[in-house]
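Only the coordinates and a few stated rules stand behind these numbers; no lab work does. This is a predicted model, so every value here is computed, not measured. Using ideal geometry, Cβ is built from the backbone for each residue, glycine included, and neighbour counts are taken over all protein chains shown.
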Amino acid sequence: MARTPRELAGARPDPAFEITLDGRPVTALPGQSVAAALWAAGILSWRTTREGGRPRGAFCGIGQCYECLAVINGVPNRRACLVPAGAGDAVTTQEGHGHAGLGV
Amino acid sequence: MRSASDVIVVGAGVVGAACAYYAARAGLSVTVLDRGPVAGGTTGSGEGNLLVSDKEPGPELELALFSCKLWQELAELLPRGVEYEPKGGLVVARDEPGMAALRTFAAGQEKAGVTVREVAADRLPDLEPHLAPGLAGGFHYPQDAQVMPALAAAHLLRASGAEVRLGPGEEVAGLLTGPGGAVRGVRTASGALYAPHVVNAAGAWGGEFARLAGVLLPVLPRRGFVLVTEPLPRVVRHKVYGADYIADVASGSAALQTSLVIEGTRAGPVLIGASRERVGFDRTLSVEAVRRLATGATELFPVLAGVRTMRTYAGFRPYLPDHLPAIGADARVPGLLHACGHEGAGIGLAPATGRIIADVLTGTQPPLDIGPFDPARFEPGGSR
């Protein structure tokens, strides 16, 4: 029988809610970080690098490596592993530094 | 005897690296020592400014103009990794009196060989589209440039071919002298190293090194904080600073001073400086300094209000009381040379300093008058 983190922790979270990644609905549980919710949905990448556009997602999961940066509710460079998911949060794949609009 | 070379350079910052580079190019064998890593001191804390714009006519400006030419040459010779960018500087004034002061300053510089152009308020957006509206105008200095200082130091060292010894075991504990007091080398934790010439390129710690050699060179640390933003596209094109920066650089006050200096980097982050205070080698975060930098930066570039800073750090400018570096042979100790005390201008002045040191070592006439940089000038009773 599959042992999920939730079973291992004996967690009984409140009802699930929805966030979106690039407009596509993703289910999240109260207390989950954005990265955890994306991982639980089988999504591993939500950013491309500044040099070469390579895919990136969560690596350390504890806020140190800055690999999991995402645009969350319009704000770029949020660490998805540290931001708690909230109902209706709009997560957008971040391209590079996420500030392309500011260039002059 | 571990080894012998023609010259030992103490300090693997950009000035030490430039001394090694030009000395090696003059045919000397060079050993570089540092108790820390390459660019581990002030070089690694700097913004990499190669400036003529902030210097009043005089010996430092002459040195800066010469050095800027040498940086242009080095940019062709060194790998692109040094991130040399001839981006130019832009000094802005908030009001008409500020502009008038800049105009007078610029007129003097122009006579001394600086290229400078007045920019009317309505033309500022052409140079810097994100600048706050309402400024009185500015002055554009196309000769100002930038490098990535740590990489510049590392590439200069590599290009020098010098023997580089790094780490705690290489900390200099004393100067070895022979009969008559002439330099024979240095003593480190790992043993003795012999050379007839030793160059003090210990930056902010150059005063301590001078003490080891038994001479007075009153280098004091002048602390500065830098704020580093998250990586951005190019939002700031030039090195942009406020008119009060020039006055702060020239001041001798120990109290906290902040004046705005803002520039982008090739890697993306925007660097925000500059604070100045003399508090010894204290790295404690000064919230007041950082608050003033952040406030000033968002006033000058409102776009930065919506940008995060990733970190802040402090560095120590090697300050000498007359704001001039110590470059050249020390008449008090035959064989001892100094190349330190460049305050906030060490990256810019490094190549000229290295060239002068190499000239002195080889008995060549330096290309400019080095009298004002005499390391013995602080000796009570005057230089011998």
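Normalising by the residue count of the range A:15-95, find the relative contact order in percent from Cα pairs under 8 Å and 6+ residues apart.
With pairs under 8 Å counted, the relative contact order is 36 percent.
What span do the alpha-carbon atoms of chain B cover on each of the three principal axes, reported in whole Å from largest to smallest?
67, 41, 40
Given +1 on the Cβ of Lys and Arg, -1 on the Cβ of Asp and Glu, and no further charges, what dipole in debye does the range A:15-95 carry about its Cα centre, rounded to the nearest 20?
Its charge dipole is roughly 160 debye.
Once you have the Kirkwood Rh of the range A:15-95 from its Cα pairs, apply Stokes-Einstein at 37 °C and 0.692 mPa s and quote D in µm²/s.
Translational D for this selection: 269 µm²/s.
Pick out, in residue order, every one of the GluC sites (Glu not before Pro) in the range A:41-104 that is DSSP loop and has at most 13 other C-beta atoms within 10 Å; say none if there are none.
A:GLU51
Hey, for a label at B:THR295 modelled as a point 7 Å past Cα toward Cβ, could you say which residues of the range B:231-265 have their backbone N under 12 Å away?
Answer for the range B:231-265: B:258.
Can you tell which of B:ARG308, B:ARG165, B:ARG278 shows the greatest fluctuation in a Gaussian network model of chain B with Cα springs below 10 Å?
Highest fluctuation of the listed residues: B:ARG308.
How far apart, in nanometres, would the label points at B:LEU216 and A:THR49 be if each is projected 7 angstrom from Cα along the Cα-to-Cβ direction?
5.6 nm
Kindly provide the pair-distance distribution of the range B:190-343 built from C-alpha pairs, with 10 Å bins from 0 and whole-percent values in order of increasing distance.
Final binned percentages: 11, 34, 28, 18, 9, 1.
Could you work out how far the C-alpha centroid of the range B:296-353 sits from that of the range B:17-68, in angstrom?
Computed from Cα coordinates, the inter-centre distance equals 10 Å.
About its Cα centre, what dipole magnitude does the range B:50-165 give when the only charges are +1 on Lys and Arg Cβ and -1 on Asp and Glu Cβ, stated in debye to the nearest 20?
240 debye
What does the average come to when, for each residue of peptide B:233-241, you count the partner chain Cβ atoms lying within 10 Å of its Cβ?
Across the residues of B:233-241, the mean count of other-chain Cβ atoms within 10 Å is 2.
Using only the alpha-carbon atoms, what does the range B:271-384 span along each of its principal axes? Please give whole angstrom values in decreasing order.
56, 29, 19
What length, rounded to one decimal in nm, is gained on full extension from B:GLU163 through to B:ASP95, with 0.36 nm per residue of separation minus their alpha-carbon distance?
Additional length available on full extension: 19.2 nm.
Among B:LYS239, B:LYS111, which comes first, then next, by fewest other beta-carbon atoms within 10 Å?
Ranked by crowding around the Cβ, least crowded first: B:LYS111, B:LYS239.
Report the FRET efficiency, 1/(1 + (r/R0)^6), for B:SER253 and B:SER29, where r is their Cβ-Cβ distance and R0 is 30 Å, rounded to 0.05.
Computed FRET efficiency for B:SER253 and B:SER29 comes out at 0.10.
To check my understanding: the extent here is largest minus smallest coordinate of the Cα atoms along each principal axis. What are those three numbers for the protein assembly as shown, in Å, largest first?
Between the extreme Cα coordinates on each principal axis of the protein assembly as shown lie 86, 61, 40 Å.
Positive end of the charge dipole of the range A:15-95 (Lys, Arg +1 and Asp, Glu -1 on Cβ, about the Cα centre): tell me which of A:ILE43, A:CYS60, A:ALA85 has its Cα farthest that way.
A:CYS60
Using alpha carbons only, what's the Rg to Rh ratio of the range A:4-62 with Rh from Kirkwood?
1.04
Which longest uninterrupted range of chain A lacks any chymotrypsin sites (Phe, Trp or Tyr not before Pro) assigned by DSSP to a loop state (not H, G, I, E or B) and surrounded by at most 15 other Cβ atoms within 10 Å?
A:1-58
How large is the translational diffusion coefficient of the range B:242-305 in µm² per second when you combine the Kirkwood radius over alpha carbon pairs with Stokes-Einstein at 10 °C and 1.306 mPa s?
Translational D for this selection: 125 µm²/s.
Express in nm, to one decimal, how much length is gained between B:MET310 and B:ARG117 on full extension, taking 0.36 nm for each residue of separation and deducting their alpha carbon distance.
Stretched out fully, the B:MET310 to B:ARG117 stretch lengthens by 66.0 nm.
Need one number: the % of Cα-Cα pairs in the range B:67-204 sitting beyond the 21 Å mark.
Tail of P(r) above 21 Å: 64 percent of Cα pairs.
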